[in-house]
Amino acid sequence: MLWAKKAIGPAEWGPTQDQFEELFVKLGSPKQMMLAAASDPTSGQSIFLMSLPNTTFLGSFSGFECVTEEALPSEAALLVGHNDELLKHFKYPARRPLS
C-alpha cells in the first residue's frame, strides 16, 4: 500500500475528492484505497491523505507526495473508502468544543 499526502485548499477539496471517488469506483472499491482528511500537526492546515494499491495512479493526482505510514497523523476523517480500513491506521478526530 502506498501513502501520499497533500496540503489542500477549499477550492481543491471537491474536485480532488470527486476524482479519487471516480477512480475508487472504477477499480471496484478496493480495500487498499482510501481518501481521508486531517489537519497537519505542524501547520494546522487541512491535508488529504490517500492510500493507493501501487504507484500506477499517483501521477493522476497533482501535488500529492509519497509518505511513509510512520509519517501519517494519528487522526483522520474518512472521505472515500472503507471505515474498517481507516480504523486500522487512524482514530477519528476528537470533537472540539465550540467556543
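Whenever a residue of the stretch 27-38 is under 10 Å from Pro53 (Cα atoms), its partners that are assigned to a loop (DSSP other than H, G, I, E, B) and among the polar types (S, T, N, Q), lying with C-beta atoms within less than 9 angstrom and at least six residues away or across chains, give the pairs Gln32/Asn54.
Condition check ((1) of a type in the set (Phe, Trp, Tyr); (2) under 14 Å from Ala4 (Cβ atoms); (3) out of contact with any helix residue (DSSP H, G or I) (no Cβ under 8 Å at 6 or more places or on another chain)) across all residues:
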{"position": "Leu27", "(1), (2), (3)": "no, no, yes"}
{"position": "Ser43", "(1), (2), (3)": "no, no, yes"}
{"position": "Phe57", "(1), (2), (3)": "yes, yes, no"}
{"position": "Cys66", "(1), (2), (3)": "no, yes, no"}
{"position": "His82", "(1), (2), (3)": "no, no, yes"}
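In the stretch 61-99, the qualifying residues are those that are assigned to a loop (DSSP other than H, G, I, E, B) and among the hydrophobic types (A, V, I, L, M, F, W, C), and the one that is farthest from Glu12 (Cα to Cα) is Leu98.
If the condition is being among the hydroxyl-bearing types (Ser, Thr, Tyr), under 22 Å from Asp84 (Cβ atoms) and within 13 Å of the chain's Cα centre (by Cα), then the stretch 27-67 contributes only Ser51.
Checking the stretch 83-90 against the condition returns no match, with no residue being surrounded by 11 or more Cβ atoms within 10 Å (Cβ to Cβ) and at pLDDT 95 or above. Scanning the stretch 5-30 for residues being aliphatic (A, V, I, L, M) and either surrounded by 14 or more Cβ atoms within 10 Å (Cβ to Cβ) or in a strand (DSSP E or B) (or both) gives a total of 3. If you go through the stretch 31-60 and keep only what is surrounded by fewer than 16 Cβ atoms within 10 Å (Cβ to Cβ), part of a loop (DSSP other than H, G, I, E, B) and not hydroxyl-bearing (Ser, Thr, Tyr), you end up with Lys31, Gln32, Asp40, Pro41, Gly44, Gln45, Pro53, Asn54. Within the stretch 3-23, residues that are under 21 Å from His89 (Cα atoms) and modelled with pLDDT of 95 or more sit with their Cβ atoms under 7 Å from residues that are surrounded by 14 or more Cβ atoms within 10 Å (Cβ to Cβ) and not hydrophobic (A, V, I, L, M, F, W, C), at 6+ positions apart or across chains, in these pairs: Trp3/Ser51.
The values are calculated or read from the model by the stated rules, or taken from the named source; none is laboratory data. Keep in mind that what you see is a predicted model, and the values were worked out from it rather than measured. Using ideal geometry, Cβ is built from the backbone for each residue, glycine included, and neighbour counts are taken over all protein chains shown.
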